[in-house]
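Below is one structure, written out as structure tokens; comments come after it.
The values are calculated or read from the model by the stated rules, or taken from the named source; none is laboratory data. Small disclaimer: the values here were computed from a predicted structure and weren't measured. Positions of Cβ are backbone-derived with ideal geometry, glycine not excepted, and every protein chain shown enters the neighbour counts.
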């Protein structure tokens with residue numbers, strides 16, 4: 001019986017060890033850089049993907065936009081969503 005309880009504890013430990021919040025909530029929205037340098041288009045059919053935010057530890061860092069090959073589906077840019085606890089970045093897709 002003791003082995004069974006220890007086994008359950010170990011399983012729960014590993015399940016919870018992999019859990020972490022998928023988003024970071026901040027009180028104030030970070031401000032994007034005032035000047036965004038858009039390099040020349042590498043190929044005629046490439047499309048510009050706007051820059052966005054990504055989680056670094058417990059805060060957000062800005063990633064510059066980039067040129068990408070065209071996609072079959074329309075790209076939906078990321079945006080800030082206001083929640084009860086603060087602001088959360090919803091990535092583009």
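Here are some notes:
- Index of the failed condition, residue 70 passing every other in (1) surrounded by 10 or more Cβ atoms within 10 Å (Cβ to Cβ); (2) modelled with pLDDT of 85 or more: (1)
- Residues (loosely packed, with under 12 Cβ neighbours inside 10 Å, under 18 Å from the mean Cα position of the chain (by Cα) and either touching a residue at least 40 places away in the same chain (Cβ under 8 Å) or closer than 15 Å to residue 69 by Cβ (or both)) located in the stretch 22-49: 27, 28
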